[in-house]
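Chemist: Below are the C-alpha cells for one structure; questions will follow.
Read the figures in this text as sums done on the coordinates, not as results from a lab. Bear in mind the structure is a predicted one, so any value in this text is a computation, not a measurement. All Cβ positions, glycine included, derive from the backbone under ideal geometry; neighbour counts span all protein chains shown.
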Amino acid sequence: MSTDADRLPQFVIAGAPKAGTTALHAALTTHPGLYLSPVKEPKYYLTDGRPPPRSGQRGPGDAHSAREWVWRREDYLRLFDGAPAGTVRGESTPFYLHDRAAQRRLAADVPGVRVVAVVRDPVDRAWSNWVHLRADGLEPEADFARAVTLEDARAAAGYAPFWRYRGLGRYGEQLRDLYAVLPREQVLVLRYRELVDTPDETLDRVSAFLGVAPGVAHTVPPENVKPHVADTPRHRALARVTRTGAALGAYAPPQVWRQVSRPLLAALHAGRTPRPQMPVEVRREVLAPLLPDIALLEELTGESFDDWRRDTGRGDFRSRRRA
C-alpha cells in the first residue's frame, strides 16, 4: 500500500519565473527516468491546504489564475499517480523560490527534496515579466520603470506574486532563506544563459543532480515567449476588455475563460513589434536597489555575477567562479 511519501515529488523546479523554467520543465519531460506532473505549475506549497486567500487575488487576472491552483492534498498527490515505477517524480512551480512559507512547507513535507533554482539577470527577468503581462493585456502601465515603482503598493494591495518585478529577482535573500530549511547539497542553482548557451551540458548537470542518466534529456522549442506589444489605442482598448473579461472569468471554470480569451490574446499579440532595447538609465534605476542582493548571491554561491551589474543588459551569461 502506497503512502504519501511514495506519491510526493522528489524534486521541484522552484524558480525563478521568466528565467527559463518552462523550457527546463519541457526538456526534463523528455527523460524516461523522470516524471513531471501533468499540471506544470500546481502551486500546492503556496497554499496551506486551503484555497488561495482572496487577499492575494487583487491584481488583474489574479482571481482567475488562483482557480487553477491545486490546493487539495489528494488532488496534488494524484498528479504523481501516473509515475512509472522507479522514475524520479517532480513538478515545477517557479514561485516556490520567492515564497518563504512555501519553502518551509516543502522542506517539512519532503525533507529530502531536491530543488532546482534557475536565476536570470534580475533586470532582464523583470523586463520579461512586464512584457509578459503587457502582452496578455493585464499590465496597464505602459512604462516599465513606472511599473516597477508600483510594486510595493501593489503588493500591499494584495496583488499576486507575479507582479513582484524586483522582488522575484532578489535571489540572494531567497537562497539564504532556502538554505536555512534545506541542506545546500539538495539545491542546484543554474543560470538562464546556461540553459540557452550550453543546453546539453546543463541538462546533464541537472540529470546528475537528480540521479538519472545524462545524455538523454533534450531541449524542445520554447512555448512561453511573449511578444512585445506597442502601446497603441488599439492595444489599450483590447487590454481593457481583457482585464474585464479576466475579472468575470474568475467566476467560471478556468478552461472556459481560456477558451473565451484565445481570440482576445491573438488580437493583442497581433500588435507585436520588435522588442526595444532597454534604456541604460532605466536599467540603472531598476538595478540599483538590487545590488546588495547580487552581492549576497555571490557570497552564498561563491560565483561572480558581476556581469549583471553592466549597463548593457543581457547580463545573464554563464557564471564564472569567483577568484
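Chemist: Set the Förster radius R0 to 30 Å, insert the Cβ-Cβ distance between Asp177 and Ala5 as r into 1/(1 + (r/R0)^6), and round the FRET efficiency to 0.05. Provide the component values of the computation, followed by the final result.
Modeler: Details: r = 25 Å, r/R0 = 0.82.
Calculated transfer efficiency: 0.75.
Chemist: Follow-up question, since we're still on this one. Just to be sure I understand the model, the point goes 7 Å from the Cα along the line to the Cβ. What's the resulting Arg100 to Val220 distance in nm?
Modeler: With each label point 7 Å from Cα toward Cβ, the separation is 3.6 nm.
Chemist: Something else: When Lys and Arg each count +1 and Asp and Glu each count -1, what net charge do the other residues less than 11 Å away from Val39, Cβ to Cβ, add up to?
Modeler: Residues close to Val39 contribute a combined charge of -1.
Chemist: Using the Cβ atoms and a cut-off under 14 Å, what net charge is assigned to the surroundings of Phe162, where Lys and Arg are +1 and Asp and Glu are -1?
Modeler: Working: positive: Lys18, Lys43, Arg58, Arg125, Arg134, Arg154, Arg164, Arg166, Lys226; negative: Glu41, Asp62, Glu68, Asp99, Asp136, Glu139, Glu151.
Charge balance near Phe162 sits at +2.
Chemist: Please check: in the Gaussian network model of the chain (C-alpha springs, under 10 Å), which one of Pro253, Pro53, Pro276 has the largest mean-square fluctuation.
Modeler: In the Gaussian network model the winner is Pro276.
Chemist: Running Debye on segment 1-91 with equal point scatterers at the Cα sites and no solvent, what base-10 log of I(q)/I(0) appears at q = 0.12, 0.25, 0.26 Å⁻¹?
Modeler: Results for segment 1-91 at q = 0.12, 0.25, 0.26 Å⁻¹ read -0.41, -1.33, -1.37.
Chemist: Could you give the semi-axes, largest first, of the ellipsoid that matches the chain, computed as the square roots of 5 times the alpha carbon gyration tensor eigenvalues and rounded to whole Å?
Modeler: Working: eigenvalues 175, 131, 70 Å².
Output for the chain: semi-axes of 30, 26, 19 Å.
Chemist: Pop out the ³J(HN,Hα) list for segment 81-91 in order, Karplus 6.51 cos²θ - 1.76 cosθ + 1.60 with θ = phi - 60°, rounded to Hz; leave Gly and Pro as x.
Modeler: Using θ = phi - 60°, the values come out as 5, x, 5, x, 4, x, 7, 9, 8, x, 8 Hz.
Chemist: Another question, if that's okay. Give a residue-ordered list of calculated ³J(HN,Hα) values for segment 279-287 (Karplus: 6.51 cos²θ - 1.76 cosθ + 1.60, θ = phi - 60°; whole Hz; x for Gly, Pro).
Modeler: Each residue of segment 279-287 in turn: x, 4, 5, 5, 4, 4, 5, 6, 6 Hz.
Chemist: Next question, about the same structure. Using the basic label-point model (7 angstrom from Cα toward the beta carbon), what is the Ala85 to Asp48 distance in nanometres?
Modeler: 4.0
Chemist: Let me ask you something else. If you place +1 on the Cβ of every Lys and Arg and -1 on the Cβ of every Asp and Glu, how big does the dipole about the Cα centre of the chain come out, in debye to the nearest 20?
Modeler: Numbers: 47 positive and 40 negative charges, 156 e Å.
For the chain, the charge dipole is close to 740 debye.
Chemist: Further question on the same structure: Each residue of segment 65-70 in turn: what ³J(HN,Hα) in whole Hz from Karplus with 6.51, -1.76, 1.60 and θ = phi - 60°, glycine and Pro shown as x?
Modeler: 4, 5, 5, 8, 5, 8
Chemist: With a cut-off of 8 Å between alpha carbons and a minimum separation of six or more residues, what is the relative contact order of the chain in percent?
Modeler: Numbers: 534 pairs, mean separation 80.2, N = 323.
Relative contact order for the chain comes out at 25 percent.
Chemist: Still on this model: If the chain between Thr198 and Ala295 were fully stretched, how many nm would it gain, using 0.36 nm times the residue separation less the Cα-Cα distance? Could you put the intermediate results ahead of the total?
Modeler: Numbers: separation 97, 0.36 × 97 = 34.92 nm, distance 2.52 nm.
Using 0.36 nm per residue and subtracting the Cα-Cα distance, I get 32.4 nm.
Chemist: Go ahead and run the numbers for FRET between Asp75 and Arg234, Cβ-Cβ distance against an R0 of 51 Å, rounding to 0.05.
Modeler: Numbers: r = 40 Å, r/R0 = 0.79.
Plugging the Cβ-Cβ distance into 1/(1 + (r/R0)^6) gives 0.80.
Chemist: Can I ask one more? Pull up all non-local amide H partners of Glu139: gap of 5 or more, or a different chain, and H-to-H distance under 5 Å with H placed in the peptide plane.
Modeler: Under 5 Å from the amide H of Glu139 lie the amide H atoms of Arg134, each far enough along the sequence or on another chain.
Chemist: Also, quick follow-up: Could you pull out every residue, at least 5 positions away or on a different chain, whose amide H is within less than 5 Å of the one on Gln10? Hs are placed 1.01 Å off N in the peptide plane, and Pro or chain starts have none.
Modeler: Excluding prolines and chain starts, which carry no amide H, the hits are Arg89, Gly90.
Chemist: While we're on this one: Compute the convex hull volume of the Cα atoms of segment 15-68, divide it by the residue count, and report the result per residue in Å³ as a whole number. Write down the numbers at each step before the final one.
Modeler: Values: hull volume 5.8 nm³, N = 54.
Hull volume over Cα atoms, normalised by residue count, gives 107 Å³.
Chemist: Moving on to the next point. Principal axes first, then extents: for the Cα atoms of segment 134-259, list largest minus smallest coordinate on each axis, whole Å, largest first.
Modeler: Cα spread of segment 134-259 along its principal axes, largest to smallest: 50, 33, 31 Å.
Chemist: Next up: Express the C-alpha Rg of segment 80-137 as a ratio against the empirical globular expectation 2.2 N^0.38 Å, rounded to two decimals. If you can, show how the numbers build up before the last one.
Modeler: Numbers: Rg = 15.5 Å, N = 58, 2.2 N^0.38 = 10.3 Å.
Scaled against compact globular proteins, the figure is 1.50.
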